[in-house]
1. Which entry in [x] 15.2, 45; [y] 19.4, 55; [z] 17.5, 59 matches Rg and Dmax of the Cα atoms in Å derived from the coordinates of this structure?
2. Find how much the distance from Asn76 to Arg63 grows on full extension, using 0.36 nm per residue of separation minus their present alpha carbon separation; answer in nm with one decimal.
3. Remind me, relative contact order of the range 52-133 in percent, using alpha carbon pairs under 8 angstrom and six or more residues apart?
4. Pop the C-beta distance of Asp56 and Glu137 into the FRET formula with R0 = 41 Å and round what comes out to the nearest 0.05.
5. Around Val33, with a cut-off of 15 angstrom between Cβ atoms, what is the net charge of the other residues, counting Lys and Arg +1 and Asp and Glu -1?
6. Quick one: compute the contact order of the chain, relative version, from alpha carbon pairs under 8 angstrom and 6+ residues apart, as a percent.
Amino acid sequence: MRKTRSANEASDHPTTIAATARKVGASDLDAAVRAWRADCETTPADFFGLVESDLDALPYLRRTVVSLLDELPASNTALTATERLLLSVIALGDVSPGRVLRHPGSIHGPWGMGRILDRLAACPVPAIVGLLDGPFEPALHDAEARHDRYRRSGLSLSPFGRSLLDGTDDFSRHPIHRW
């Protein structure tokens, strides 16, 4: 049975994107330069301004900027959107690292998701328990027994992870090394 695509998925298809190709104009260049400058800044302030500006010249830019801003720590829990997503998926139960690493709702690929999973499981007060090996790096994949153990891990939330997901605790109150 063939899965039908939503309107958004259909518009993201490479052939659809190629069909809308056009020459680059001054407004395209202006939006791209503003985005580049915002990305080069040391704070996200210019990104907030960018979201509020006219970005119609580059239709995928607004979604990208919003996704990047969502990766800033939330003021009440210090979790990023991806960390909240990981905790939410794991809270459903019966979750392996493979399911989490390939989750389609993240802007990170599997390697980025692996680093985030490591950070949530290996911090001084773990938010995730059950990860049997790590860290998620090339050496783990080169060691068959370790990689198998990692893949077989059954992930669950610790009481701290549950309190983060519920919004009753703050990740920043515990030693974390995000950057």
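Derivation of every value follows stated rules applied to the coordinates shown; laboratory data play no part. Since the model is a prediction, treat every value here as computed from it, not as a measurement. As a convention, Cβ positions derive from the backbone with ideal geometry for all residues, glycine included, and neighbour counts pool all protein chains shown.
1. Read-out taken from this structure: [y].
2. On the way: separation 13, 0.36 × 13 = 4.68 nm, distance 2.36 nm.
2.3 nm is the gain from fully extending Asn76 to Arg63.
3. Numbers: 44 pairs, mean separation 13.8, N = 82.
The value is 17 percent.
4. Numbers: r = 41 Å, r/R0 = 1.00.
Calculated value: 0.50.
5. On the way: positive: Arg34, Arg37; negative: Asp28, Asp30, Asp39, Glu41, Asp46, Asp54.
Here the count lands on -4.
6. So the answer I get is 19 percent.
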